[in-house]
Amino acid sequence: MWAFTCPLTMALAGESGVPLLKPDTPKFDKPVEKKPTTLKGGVQHSHKVVPAQPKPSLVGRANTGEGQSGVLAAPGNAAMDQKRALKSRAQKDTLSSQATAGIGIIGVKFMMTFGHLPVINKVFPGTPAAQEGVRPRDVIVAVDGIPTNGLTKEEVYDLIVGTPNTSVTLSLLRGGDFTVRRMTRMDFNDITDPQVRRDYLLSL
């Protein structure tokens, strides 16, 4: 019979018959580091990648007058603040222009105390009231048929002023006589005399 010896057994066994392990045999529980590769410019790159940290937004960085502060505002706050400023400015412009544009007037100033009827104390020249013969000390009994008794000064004013080129009727008491004056409201901008314009604005 032929004796057969395994070549693998002969390679692993020494003279004493004890298997010999090579010292450079890698262990499977230790990860193998990937050798860094050299890119262009001599920069080495390994398999380990550190994720990039997101940069904080600089939108809306406040300015304190001593340079920019380190406080970061949320994105969009600067735009919202600008819109608020524009809106506030538009509201102020609207309020200031209400007395100078698009308002129909008859050109009278009146005073009123609680429990009494409104009394005209000034008629501006060149206005519908002056042209229709309205005079100071005329008592306004009604506006367009609405009695002024029990109304506030603001409510009487709202009845007298209105849209330009619309009609308004004043029921007046002059001394012991009752009279009615029908007028067409004029646009405030149609007052050409700057002194009259200024006096009317100061009387509001």
For region 108-178, just list the percent of Cα-Cα distances falling in each 5 Å bin from zero outward, please. 3, 17, 29, 30, 16, 5, 1
Would you mind getting the accessible area per residue of region 106-197, heavy atoms of the protein chains only, 1.4 Å probe, in Å²? 56
Going from most exposed to least, what order do 193, 187, 177 have by accessible area with a 1.4 Å probe? 177, 193, 187
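The values are calculated or read from the model by the stated rules, or taken from the named source; none is laboratory data. Here the structure is a predicted model, which is why all the values come from computation and not from measurement. Just so you know, the surface numbers come from the protein's heavy atoms only, side chains and all, with ligands and any DNA or RNA stripped out. Shrake-Rupley method; radii C 1.70, N 1.55, O 1.52, S 1.80 Å.
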